[in-house]
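One structure below.
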Amino acid sequence: MSTEALDSIIVVLHRPRKLVNIAGTVRAMKNMGLHRLRLVQPAEYNEFEIEGIAHRSADVLGNTTIHETLDDALADAIFVA
């Protein structure tokens, strides 16, 4: 898959409870070449701690946005799986 095609993929986590779950997702995204993460009402969020778990993930964290509702996070989505 081309880099351009990967740029259109957005991962959304709805109400993640544990920081390590966010970090694990960030690490997996980094491994697969994905860079766009949206979080809906995370229980905790600390970029420094996440990067401590998911090393070299500043680019993914820099593109991460936090949303109040799932509808808001998916507002521009064309296909949701």
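The values are calculated or read from the model by the stated rules, or taken from the named source; none is laboratory data. In this text, all values refer to a predicted model and were calculated from it rather than measured experimentally. No Cβ is skipped: glycine too gets one built from the backbone with ideal geometry, and neighbour counts run over all protein chains shown. Just so you know, the surface numbers come from the protein's heavy atoms only, side chains and all, with ligands and any DNA or RNA stripped out. Shrake-Rupley method; radii C 1.70, N 1.55, O 1.52, S 1.80 Å.
Observations on the structure shown:
- Percent carbon-and-sulfur accessible area, the chain, ignoring ligands, DNA and RNA, probe 1.4 Å: 54
- Solution diffusion estimate, µm²/s, Stokes-Einstein, the stretch 41-81, Kirkwood Rh from C-alpha pairs, 37 °C, viscosity 0.692 mPa s: 275
- Counting charges near Val80 (Lys, Arg +1; Asp, Glu -1) among other residues having Cβ under 15 Å from its Cβ returns a value of -1.
- The chain: chymotrypsin sites (Phe, Trp or Tyr not before Pro) falling in loop per DSSP and having at most 15 other Cβ within 10 Å: Tyr45, Phe79
- Average accessible surface for the chain: 66 Å² per residue, computed with a 1.4 Å probe over protein heavy atoms with every protein chain in place.
- Among residues other than Val60 with Cβ under 12 Å from its Cβ, the summed charge is +2 (Lys and Arg +1, Asp and Glu -1).
- The overall shape of the stretch 8-49, judged from the alpha-carbon gyration tensor, is oblate: a/c is not under 1.5, and a/b is no greater than b/c.
- Cα-centred dipole magnitude for the stretch 35-77, charges only on beta-carbon of K, R (+1) and D, E (-1), debye, nearest 20: 180
- Accessible surface of Thr25 - all protein chains present, 1.4 Å probe, nearest 10 Å²: 30
- Stretched out straight at 0.36 nm per residue, the stretch from Ile53 to Ala77 would grow longer than its current Cα-Cα span by 5.7 nm.
- Counted charge near Leu39, where neighbours are those whose Cβ lies closer than 12 Å (Asp, Glu -1; Lys, Arg +1): 0
- Rel. contact order, % - alpha carbon contacts under 8 angstrom, at least six apart, the chain: 33
- Prolate/oblate/rounded call for the chain, Cα gyration tensor, a/c under 1.5 rounded: oblate
- Under 5 Å, built H, 5+ apart or other chain: amide partners of Val12: Arg38
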